[in-house]
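Colleague: Below is a structure I'd like to ask you about.
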Amino acid sequence: MLKVSESIRELVPYPPGKPKEELQRELGIEKSFKLASNESPLPPSPRAISAMMEALGEVNRYPDGSCYYLKERLAELLGVAFGNLVLVNGSNELIQLLAAILLAPGDEVVMSEPTFLMYSIAVRGQSGVPVKVPQRENRHDLEGLLAALSDRTRAVFIDNPLNPTGQIISGDELSGFVARLPEDVVLLLDEAYGDFVEREDFVSGLELFRDHPNVVVGRTFSKAYGLAGLRVAYGVASEEMISYLDRVRQPFNVNTLAQKAALAALGDQEYLENTLALISREKGRLYSEIERLGLDYIPSETNFFLIDLKREADPVFDALLYKGVIVRSMKSYGLPDYIRITVGTEEENSSFIAALAEVLEAG
Ligand SMILES: *Cc1c(COP(=O)(O)O)cnc(C)c1O
C-alpha cells in the first residue's frame with residue numbers, strides 16, 4: 001500500500017460530471033444540455049474571444065507570472081493597490097492556497113453545512129479539519145459559526161451568496177460578524193456569485209478588507225463573465241496576506257489565454273449587463289413556472305436556485321437525464337427532496353420546464 005497521508009486516503013474526490021457526449025451515448029439520447037454547474041449559458045464576450053485568438057501564436061512562451069495588465073486593470077476598477085491582488089487558476093486555487101498557508105495538521109476551518117464542496121476538500125488536502133455548522137433556514141448561521149471557533153481555528157470559509165441555497169448575508173450582518181471574529185482567524189468571503197446579487201443590503205467584502213487584515217475576498221471570471229473553462233479568478237486582501245499567497249502559488253498559475261480573455265472581458269460592460277439581465281428575467285420566469293407545477297423553490301440571489309420537488313428527487317433527476325436535461329441532485333448535500341438548477345438560456349429553461357412537467361405527470 002502506498003504511504004499517502006491519512007487525510008488524503010479518507011478524502012472523497014469532487015464528483016466530476018461526465019462529458020455530455022459520453023452521457024448521451026450511455027443513455028442513447030441525441031441531445032442534452034446542462035443546468036448543473038452554475039456556469040453562464042452564454043458564450044464569452046466576443047472581445048474575450050478575439051483577444052484569445054490574437055494570443056494563440058504566443059503560447060510557445062510562458063505566461064506573464066505577475067498578470068501585470070490584468071492586475072493593473074482590476075486595481076483600477078476595484079480601487080485597490082497592486083499589492084492587494086492575487087490572480088489565481090480559478091477560485092478553487094485561492095481556497096487551496098489559503099489552506100496551504102494557514103493550516104498545520106489538525107488545524108480547523110469552520111464552514112457551513114451544506115456549502116461549496118471544495119472547502120472541505122481543500123482543508124483535508126492539507127491535513128486540516130473542516131468543522132461544519134448546519135445552516136439555519138437555508139442561510140449561514142453566523143452565531144453558530146462563531147460558537148464553533150476553537151484554539152485550533154485558523155479560518156472561516158463563507159460563500160456569500162451561499163451555494164447551494166443562493167441566500168446572502170446582509171452588510172449589517174457581515175460587519176457585525178467580522179467585528180466579533182478574532183483578528184488571528186482568517187475570513188474567506190467567496191463572492192463567486194456576487195455579480196448576480198440584486199438585493200440592496202448586500203455589501204461586498206471589498207468594503208471590509210482594508211480595516212480587517214484577516215479578510216480575503218474571492219471573485220471569479222467563471223460565472224457571470226462566462227469564462228469557466230479558462231480557470232481565472234482573483235483574491236483581494238491585505239498586502240501581507242497576498243505576500244504569503246504569492247509564496248506558495250505556482251509562478252505561472254494563470255495561463256496566457258486566460259489573462260488576455262479576462263482583461264478583454266473587463267472591458268465589455270455591455271456583455272456583463274446583458275448576461276445579468278437575462279439571468280434575472282429568466283429566473284423570474286422559472287419561478288412562476290415552478291409554482292404553476294405546484295412545486296416550491298427557494299428564491300435566490302444567484303444564477304441558480306433550489307426546487308423542492310416535494311418527493312424523493314433522485315428518480316426525477318434520473319428521468320430528466322433520459323430527457324437530456326442535466327440538473328444537480330441535492331442528495332449528497334443532505335437535501336433529498338431538492339434539485340438545484342442553473343438558469344440557462346430562454347430555450348433551455350423552457351425545455352427544462354416541459355421535461356419536468358412530463359416527468360411529474362408520468363411519476
Ligand atoms: C462556482 C463556484 C466558485 C468558482 O470556482 P472557480 O474555481 O473560480 O471556477 C467558487 N465558489 C463557489 C461557492 C462556487 O459555487
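The values are calculated or read from the model by the stated rules, or taken from the named source; none is laboratory data. Since this is a predicted model, take the numbers as computed values, not measurements. Don't worry about glycine lacking a Cβ; one is built from the backbone with ideal geometry, like all the others, and counts go over all protein chains shown.
Colleague: Report, by residue number, each residue of the range 16-36 that is modelled with pLDDT of 90 or more, within 16 Å of the ligand (Cβ to nearest atom) and either in a loop (DSSP other than H, G, I, E, B) or farther than 22 Å from ALA224 by Cα (or both).
Modeller: LEU35, ALA36
Colleague: From (1) within 15 Å of the ligand (Cβ to nearest atom); (2) of a type in the set (A, V, I, L, M); (3) under 24 Å from ALA155 (Cα atoms); (4) in contact (Cβ under 8 Å) with a residue 40 or more places away in the chain, pick out the condition that doesn't hold for LEU189.
Modeller: (4)
Colleague: Pairs under 6 Å by beta carbon, first residue surrounded by 12 or more Cβ atoms within 10 Å (Cβ to Cβ) in the range 135-148, partner hydroxyl-bearing (Ser, Thr, Tyr), six or more apart or different chains?
Modeller: Sorted first by the residue in the range 135-148, then by its partner, the pairs are GLN135/SER112; ASN138/THR165; HIS140/SER112.
Colleague: Can you tell me which of GLY218, GLY229, GLY205, GLY194 is within 16 Å of the ligand (Cβ to nearest atom) and free of Cβ contacts under 8 Å to residues at least 12 places away in the same chain?
Modeller: The match here is GLY229.
Condition check ((1) more than 22 Å from GLY267 (Cβ to Cβ); (2) away from the ligand (no atom under 16 Å from the Cβ)) across all residues:
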{"residue": "ILE169", "(1), (2)": "yes, no"}
{"residue": "ASP172", "(1), (2)": "yes, yes"}
{"residue": "SER175", "(1), (2)": "yes, yes"}
{"residue": "VAL178", "(1), (2)": "yes, yes"}
{"residue": "ARG199", "(1), (2)": "yes, yes"}
{"residue": "TYR225", "(1), (2)": "no, no"}
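Colleague: Moving on. State whether one or more residues within the range 214-227 are over 26 Å from THR153 (Cα atoms) and among the basic types (Lys, Arg).
Modeller: Within the range 214-227 (the criterion being over 26 Å from THR153 (Cα atoms) and among the basic types (Lys, Arg)), the answer is yes, since at least one residue qualifies.
Colleague: Tell me, yes or no, whether the range 57-71 has at least one residue that is under 30 Å from LYS260 (Cα atoms), surrounded by 13 or more Cβ atoms within 10 Å (Cβ to Cβ) and among the β-branched types (Val, Ile, Thr).
Modeller: Checked against the condition, which is being under 30 Å from LYS260 (Cα atoms), surrounded by 13 or more Cβ atoms within 10 Å (Cβ to Cβ) and among the β-branched types (Val, Ile, Thr), the range 57-71 yields no hits at all.
Colleague: When the residues of the range 149-170 are narrowed to those that are without any contact (Cβ under 8 Å) to a residue 40 or more places away in the chain and crowded, with 16+ Cβ neighbours inside 10 Å, which ends up farthest from PHE202 (Cα to Cα)?
Modeller: Looking at residues that are without any contact (Cβ under 8 Å) to a residue 40 or more places away in the chain and crowded, with 16+ Cβ neighbours inside 10 Å, I get LEU149.
Colleague: In the range 238-258, which residue that is within 21 Å of GLY194 (Cβ to Cβ) and either within 16 Å of the ligand (Cβ to nearest atom) or aromatic (Phe, Trp, Tyr) (or both) is surrounded by the fewest Cβ atoms within 10 Å (Cβ to Cβ)?
Modeller: Looking at the filtered set, the residue picked out is LEU245.
Colleague: Still on this structure, please answer the following. So, ASP211, is that one within 20 Å of ALA81 (Cβ to Cβ), more than 14 Å from the ligand (Cβ to nearest atom) and without any contact (Cβ under 8 Å) to a residue 12 or more places away in the chain or not?
Modeller: yes
Colleague: Restricting attention to the range 205-222, which residues are aliphatic (A, V, I, L, M) and either surrounded by 21 or more Cβ atoms within 10 Å (Cβ to Cβ) or in contact with a Cys (Cβ under 9 Å, 6 or more places away or on another chain) (or both)?
Modeller: Passing the criteria: VAL215, VAL216, VAL217.
Colleague: Restricting to the range 130-139, name every residue that is away from the ligand (no atom under 15 Å from the Cβ) and either within 13 Å of ARG154 (Cβ to Cβ) or touching a Pro at 6+ places or on another chain (Cβ under 8 Å) (or both).
Modeller: VAL131
Colleague: Quickly run through the range 339-351 and pick out the residues that are over 21 Å from GLU22 (Cβ atoms), in contact (Cβ under 8 Å) with a residue 60 or more places away in the chain and either more than 18 Å from the chain's Cα centre (by Cα) or not in a loop (DSSP other than H, G, I, E, B) (or both).
Modeller: ARG340, ILE341, THR345, GLU346, ASN349
Colleague: Look through ARG249, ARG292 and report the one residue that is farther than 28 Å from GLY79 by Cβ and of a type outside the set (Gly, Ala, Ser).
Modeller: Unique residue meeting the criteria: ARG292.
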